[in-house]
Amino acid sequence: MKMKNKKILLTICLVISVLMANLVWRSLRPADIIAVHQDDDYSSVLVRNFPISDRGQINWWLKNKDMLKSRYGIPRPSSHGNFTIIFWDFGDGYKEEGKYDRLCFNDMKGPVNCIEKEAIFSVDNSPNLGTVFTVYDGGDYRFDKNGELIEIHIE
């Protein structure tokens with residue numbers, strides 16, 4: 001093999017190694033809950049380092065739902081049992097409303113009480129569908145009667 005081909009191969013291997021190390025590092029970081037905002041049966045959880053994969057996000061919810069209930073009091077179902085919890089990427093933190101389409105929280109004093117709308121994951125519960133997990137940039141899932149996680153298509 002020529003020296004030029006060896007350098008190209010070495011460069012490709014190095015880039016792949018860096019990408020793999022980054023992926024492993026990102027998947028091993030614990031998720032940080034920055035804040036929880038409540039509005040009736042709708043909860044917003046601001047997070048950093050949330051799992052990347054669909055399965056990772058659902059597993060995180062299953063592992064942490066009891067902690068969320070005891071520490072933050074969520075979910076808070078309506079009288080019909082409905083609730084929605086949306087996990088938002090906290091990104092660069094709270095900002096002023098200023099920019100179009102920011103999500104602002106009424107339970108905080110302004111002007112710095114808004115975030116960019118970057119939803120990551122949500123958990124919705126209703127009597128009709130049961131619990132549905134939505135992975136933004138992913139799919140919608142729920143458990144079937146046998147306890148198997150299945151992808152569903154919501155119209």
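Numbers for the structure displayed
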read-out	value
Test: residue in the range 42-49 that is over 28 Å from Glu151 (Cα atoms), assigned to a strand (DSSP E or B) and within 13 Å of the chain's Cα centre (by Cα)	no
Every residue from the range 101-110 that is of a type outside the set (A, V, I, L, M, F, W, C) and either surrounded by 12 or more Cβ atoms within 10 Å (Cβ to Cβ) or touching a residue at least 40 places away in the same chain (Cβ under 8 Å) (or both)	Arg102, Asn106, Asp107, Gly110
Residues located in the range 113-143, provided they are touching a residue at least 24 places away in the same chain (Cβ under 8 Å), surrounded by fewer than 18 Cβ atoms within 10 Å (Cβ to Cβ) and of a type in the set (Gly, Ala, Ser)	Ala119, Ser126, Gly138, Gly139
Among (1) exposed (fewer than 11 other Cβ atoms within 10 Å of the Cβ); (2) among the charged types (D, E, K, R); (3) not in a helix (DSSP H, G or I), the one test that Lys63 misses	(3)
Residue match in the range 101-110 (condition: out of contact with any Leu (no Cβ under 8 Å at 6 or more places or on another chain) and part of a helix (DSSP H, G or I))	no
Single residue of Ile52, Ile58, Ile86 found to be closer than 19 Å to Val135 by Cα and either assigned to a strand (DSSP E or B) or of a type in the set (Phe, Trp, Tyr) (or both)	Ile86
Hits in the range 126-145 (condition: closer than 14 Å to Thr84 by Cα and among the small types (Gly, Ala, Ser))	Ser126, Gly130
Ile52 being at pLDDT below 90, under 29 Å from Glu148 (Cβ atoms), under 18 Å from the mean Cα position of the chain (by Cα) and surrounded by 13 or more Cβ atoms within 10 Å (Cβ to Cβ)	yes
Boolean, Leu129 is out of contact with any Gly (no Cβ under 9 Å at 6 or more places or on another chain) and at pLDDT below 90	yes
Identity of the residue in the range 89-100, at pLDDT 90 or above and either surrounded by fewer than 17 Cβ atoms within 10 Å (Cβ to Cβ) or assigned to a strand (DSSP E or B) (or both), that ends up farthest from the chain's Cα centre (by Cα)	Glu96
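Per-residue answers, yes or no, for (1) under 22 Å from Pro30 (Cβ atoms); (2) without any contact (Cβ under 8 Å) to a residue 40 or more places away in the chain; (3) surrounded by 16 or more Cβ atoms within 10 Å (Cβ to Cβ); (4) in contact with a Cys (Cβ under 9 Å, 6 or more places away or on another chain):
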| position | (1), (2), (3), (4) |
| --- | --- |
| Gln57 | yes, no, yes, no |
| Pro77 | no, no, no, no |
| Gly81 | no, no, no, no |
| Asn146 | no, yes, no, no |
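The values are calculated or read from the model by the stated rules, or taken from the named source; none is laboratory data. Here the structure is a predicted model, which is why all the values come from computation and not from measurement. Methodologically, a virtual Cβ is constructed for each residue, glycine included, from the backbone with ideal geometry; neighbour enumeration extends over all protein chains shown.
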